[in-house]
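First up is the structure itself, then whatever we jot down about it.
No value in this document is a laboratory result; all are computed from the given coordinates. As the structure is a prediction and not an experimental result, all values here were calculated from the model. Cβ: placed from backbone, ideal geometry, glycine included. Neighbour counts: every protein chain shown.
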Amino acid sequence: MRIAVIGAGVFGSLIARELSKYDVDVTLIEKNLDVGMGVTKANSAIVHAGYDDPPGTVRAKFCVLGNSMYEDLSKELDFEYKKIGSLVVAFDDREVKVLMKLLRQGEENKVEGLRILEREETLAMEPNLNPAVKMSLFAPSAGITEPWMVAIAAVENAMENGAKLILGEGVVGFEKRNGRIVKVVTTRNRYEVDLVINCAGLHADEIAKMAGAEHVDLYPRKGEYILLDKKLGGHVRHVVFPVPTETSKGILVLPTVDGGILLGPTAEDLPSVMKDRPLTTREGLSKVKENAKRLFPRLDLSYVVKTFSGLRPESPRRDFYIGRSKLVGNFINVMATRSPGLTAAPAVAKYVVEEIIQGEIGVSLTRRKDFNPFRKGIVHYASLSLERWQEEIRRDPRAGKIVCFCNEVTEKEVIEAIKRGARTLDGVKFRTRAMFGRCQGNFCMPRIMKILERELGTDMSSLTLKSENSWIVDGKVRE
Amino acid sequence: MKVDVVVIGGGAAGMAAALKVSEQGARVVLVERDERVGGILNQCIHNGFGLHYFREELTGPEYAERFKKALEEKDIEVLTNTFVKALDVREKKLVVVSEDGIRILETKALVYAAGARERAFGSLMVPGDRPSGIFTAGVAQRFMNVENRLPGKRALILGSGDIGLIMARRLTLEGVEVVGVVERLPYPGGLLRNVIQCLEDFGIPLFLSSTVVEVRGRERLEEVVVAKVDENFQPIPGTEKVFEVDTLILSVGLIPQIELLEDLVEVNPTSKGIATSNLGQTSIEWIFAAGNCTAIYDLVDYVTYEGEMAGKYAALYAKGERFGPKVAVKAGENVMVVQPNWYDPSEELTLYVRTRKVIEKGRLVVGSFEKTFEELVPSEMLRVKIPRRHLNGLSEIVVEVKEE
Ligand SMILES: Cc1cc2nc3c(=O)[nH]c(=O)nc-3n(C[C@H](O)[C@H](O)[C@H](O)COP(=O)(O)OP(=O)(O)OC[C@H]3O[C@@H](n4cnc5c(N)ncnc54)[C@H](O)[C@@H]3O)c2cc1C
């Protein structure tokens, strides 16, 4: 059985990993030069509790299920996940009513541990919150993670278990016979397949159209963010939401797993031609600031590390669109993966493999006895005890050479990232957090380029930031 | 390892400090995280260094070389590629890491000379795409001077301080087309001499009262949008101009690096650097600091003087001498930055002052000291020695510039 998964975002990656538990031939095809660099790269990074999604929706079901899987998943795949809990805060009676609605909704969705907190208890938990708060809804099961690492870790583990990863090839068409897909056509190759799973994120509608399968039209709903410096770490302890609006969960404030603070996102619907343009705007960023200030009036907004934006794959139905195509029998859509997609993805992966492929389609898959569920992350030496770090340096001196001073990343970590597939500066950055600190790579970027040059046996001028044409240096100053 | 003084940072300040410590007969070790000493000087291959200190015009690397040589001659222990992981203030111990492993340095005094870092693009909150091709001047210089690479083909420069101006000339000479320098202030940030020699002589336009309002390019930078700004630096709609460039070089300021001591010592509210006395002593008496981590200096010569001062007093401290009491130095009218933060009568007070605005004729007033200056601009730092007699009996020293 040859299965092609199109798109290595959090959905495609976790589906590939789920499939690698079985005796099948899995090929994950990604048009970018790295995994997890689409929608999965830029979002709020929240593992949602699941009270926000209307009962009965597909996303409500998978959000709560996915949330319950994160703890184990993060241990198996060794990525950061912190179950810090969330608060939705209400400032007036109207907002308090919304809290009550969310509470009922959450209970109906079977979210565990939801509680309404009075003002005092809210402020005790979140001391820097605007004291005008009246009440809050506490969800202990909400957490935070590093979304791209979920995808990277899942793919590493899938590959360890035999899956193949194809990077830098976009799917441009399909060859069909008798209404079934027999080949996936990419910009470079053709792959013979028995089954195709469409996880192409913002572009999943285009892929479905190419295949002649059902689809919903996708358009980007943009969210702009501001990331604040670790110096402010501790100012915010939970994921803090305002009460949601019609279109989104609102502009929120939350800690990141490595101690910074994230503000955002806005919600702005864009035409589908803007699918690859996550632009930030003056208006958007001011809106983020204003709203964050309303929640945390004492937050010092002069400590900006960077601003960015992400695009939600939204559809008019406002729900995930997941299922086997009726028109093309060996084609499965995982589409309209809006929020809370990151949370839902592990549960969706299981559902696709167990209930769609094995159940609905009736493929009988045999479990591999030698499946190894564990993947080890790249060691951050500076976080080890001094004794252990000392040992590691004795074994390999490069573990003692710090290249990124802000985040204390060693040369050994950079080399390890390259061994695991980093080919671009972003590839190193998102795997090691080098260049991710307050100086944004102004010290270490040229040094990391030297390491990439050496390890890949290439020339500096062929290195890129993230994609084929995002070159960094031009010719030589002198020959 | 046990020493009298540890110096953190091997830039101009740290090298000067280490030499001074050793001159005092104390045992010193210098810790540098980069592969060589010299710090930011290594990147500045233009002229203009050393006019005060050596009475000669040197390039950055030449200036650094003289100190490197002296360090070698004096047999001063220098640990390069070594990172200070932690500082134990109570035990006076440092944990340092290198390819040789983790070491503990026990010391009696410390000179912190970690320099400054460039303000990063991300913190400017410029709207638009996030393409490659946006570099700080330091990264661009490193590419050209150390790696022998050009950062692009057509460039725009943001920031008209001396670094931005010199970058414009350098890039032009290396064959990169520089389409302009953008400055948000109504006047250039750097020296007039540099405006003439680096821009006018090459026909590079300077866009004053302007800023970058958007960057465009899905992969590599393609366009930069520049607009005029009002008095509050807010862009004025309708004044946008689009430049087709593949490179944007930023020279938008330096930030003192205070990370290791942050939350431990007092910070100079005017410079955001580590607060020190005129001896270089911080609010923790065994810790001294000097150079760009205390305030951003205009000239490396000044940094050297301050490094020497900190080195001398750190060595004396290690030998058991104690200093003080200190008198606070505060910024008064029209003063944006004043360094040092305290006056210790053990040495004469050398003040470094930046005004808040352009002042055609201004009178510097410090205690009973007065001196008149012409054409004071915020981008040029005043260095003034205040004789002791003007400060006698003051419980607080306010530094003011009165407009005349
Ligand atoms: C602003 C914002 C905030 C969010 N916040 C949260 C949150 O806090 N919690 C949460 O649970 N969820 C959140 N989400 C949702 C979550 O990020 C997404 O649901 C999830 O990342 C979608 O993953 P994906 O795999 O479907 O898409 P992607 O990550 O985009 O993956 C799709 C991949 O397919 C590739 N591809 C596309 N076309 C082709 C082709 N032709 N050939 C080959 N490959 C192709 C793409 O390059 C991409 O890598 C948020 C989303 C956004 C935008």
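How much of the DSSP bridge set in chain B is antiparallel, in percent, rounded to the nearest 5?
In chain B, approximately 60 percent of DSSP beta bridges are antiparallel ones.
What Kirkwood radius, in Å to one decimal, follows from the Cα pairs of the stretch B:325-404?
When all Cα pairs of the stretch B:325-404 are included, the Kirkwood radius is 12.5 Å.
Could you state the orientation-averaged shadow area of the convex hull built on the Cα atoms of the stretch A:246-382, in nm² to one decimal?
For the stretch A:246-382, averaging the hull's shadow over all directions gives 13.4 nm².
Got a sec? Which residues in the stretch A:71-89 would a label at A:A124 touch, if it sits 7 Å along Cα→Cβ and we count backbone N under 18 Å?
Answer for this model: A:85-88.
What is the ratio of the Cα radius of gyration of chain B to 2.2 N^0.38 Å, where N is its residue count, to two decimals?
1.02
Out of the stretch B:228-328, which chymotrypsin sites (Phe, Trp or Tyr not before Pro) are coil in DSSP terms and have no more than 16 other C-beta atoms within 10 Å?
Of the chymotrypsin sites (Phe, Trp or Tyr not before Pro), the ones in loops of the stretch B:228-328 whose Cβ has at most 16 other Cβ atoms within 10 Å are B:F233, B:W286, B:F323.
Give me the aspartates and glutamates in straight-line cross-link reach of B:K2: C-alpha distance below 16 Å, same-chain residues under 8 apart excluded.
Excluding near neighbours in sequence, the set is B:E77, B:D88, B:E91, B:E106.
Put one equal scatterer on each alpha carbon of the stretch A:381-462, apply the Debye formula with no solvent term, and list log10 I(q)/I(0) at q = 0.11, 0.17, 0.18, 0.27 1/Å to two decimals.
Here the Debye-derived log intensity ratios amount to -0.27, -0.63, -0.70, -1.32.
Can you compute the charge dipole magnitude of the stretch B:120-252 about its Cα centre, using +1 on each Lys and Arg Cβ and -1 on each Asp and Glu Cβ, nothing else charged? Give it in debye, rounded to the nearest 20.
Dipole size: approximately 280 debye.
Can you give the convex hull volume of the alpha carbon atoms of the stretch B:1-133 per residue, in Å³? Working shown, then result.
Details: hull volume 20.7 nm³, N = 133.
So the per-residue hull volume is 155 Å³.
Can you give me the distance in nm between label points at A:R190 and A:S462, each placed 7 Å from the Cα along the Cα-to-Cβ direction?
Result for the modelled spin labels: 2.9 nm.
What nm value, rounded to one decimal, do you get for the distance between B:D88 and B:F54 when each label is placed 7 Å out toward the C-beta?
For the pair B:D88/B:F54, the computed spacing is 4.1 nm.
Consider a paramagnetic label point 7 Å from the Cα of A:E112 along Cα→Cβ; state which residues of the stretch A:37-68 have an amide N under 16 Å from it.
From the stretch A:37-68, the list is A:48-51, A:63-68.
Assuming a ≥ b ≥ c are the square roots of the Cα gyration tensor eigenvalues, decide whether chain A counts as rounded (a/c under 1.5), prolate (otherwise, with a/b larger than b/c) or oblate.
Verdict is oblate for chain A.
Could you please tell me the mean projected area of the C-alpha convex hull for the stretch B:120-252, averaged over all directions and given in square nanometres to one decimal? It would help to have the intermediate numbers written out before the result.
Working: hull surface 29.8 nm².
If you wrap the Cα atoms of the stretch B:120-252 in a convex hull and average its projections, you get 7.4 nm².
Sorted from largest to smallest, which semi-axis lengths in Å does the alpha carbon gyration tensor of the protein assembly as shown give for its equivalent ellipsoid, taking the root of 5 times each eigenvalue?
52, 29, 28
I'd like the trypsin sites (Lys or Arg not before Pro) in the stretch A:378-479 restricted to DSSP loop residues with at most 12 other Cβ atoms within 10 Å, sorted by number.
Values: sites: A:R388, A:R394, A:R395, A:R398, A:K401, A:K412, A:K419, A:R420, A:R423, A:K429, A:R431, A:R433, A:R438, A:R447, A:K450, A:R454, A:K466, A:K476, A:R478; in loops: A:K401, A:R420, A:R423, A:R433, A:R438, A:K466, A:R478.
Of the trypsin sites (Lys or Arg not before Pro), the ones in loops of the stretch A:378-479 whose Cβ has at most 12 other Cβ atoms within 10 Å are A:R478.
In whole Å, what are the extents of the stretch B:331-376 along the principal axes defined by its C-alpha atoms, from largest to smallest?
Ordered largest first, the stretch B:331-376 gives principal extents of 35, 18, 14 Å.
Let me spell out the model: positive unit charges on the Cβ of Lys and Arg, negative unit charges on the Cβ of Asp and Glu, origin at the Cα centre of the protein assembly as shown. What dipole size does that give, in debye rounded to 20? Don't skip to the answer; put the middle values down first.
Working: 121 positive and 123 negative charges, 278 e Å.
The calculation lands at about 1340 debye.
Could you point to the residue in B:V377, B:F202, B:Q281 farthest towards the positive end of chain B's charge dipole, with +1 and -1 charges on the Cβ of Lys/Arg and Asp/Glu respectively?
Positive-most Cα among the choices belongs to B:Q281.
Between helix B:162-173 and chain B, what is the angle of the helix's C-alpha long axis to the longest principal axis, kept within 0 to 90° and rounded to the nearest 10?
Taking the Cα atoms of chain B, the angle to B:162-173 is about 50 degrees.
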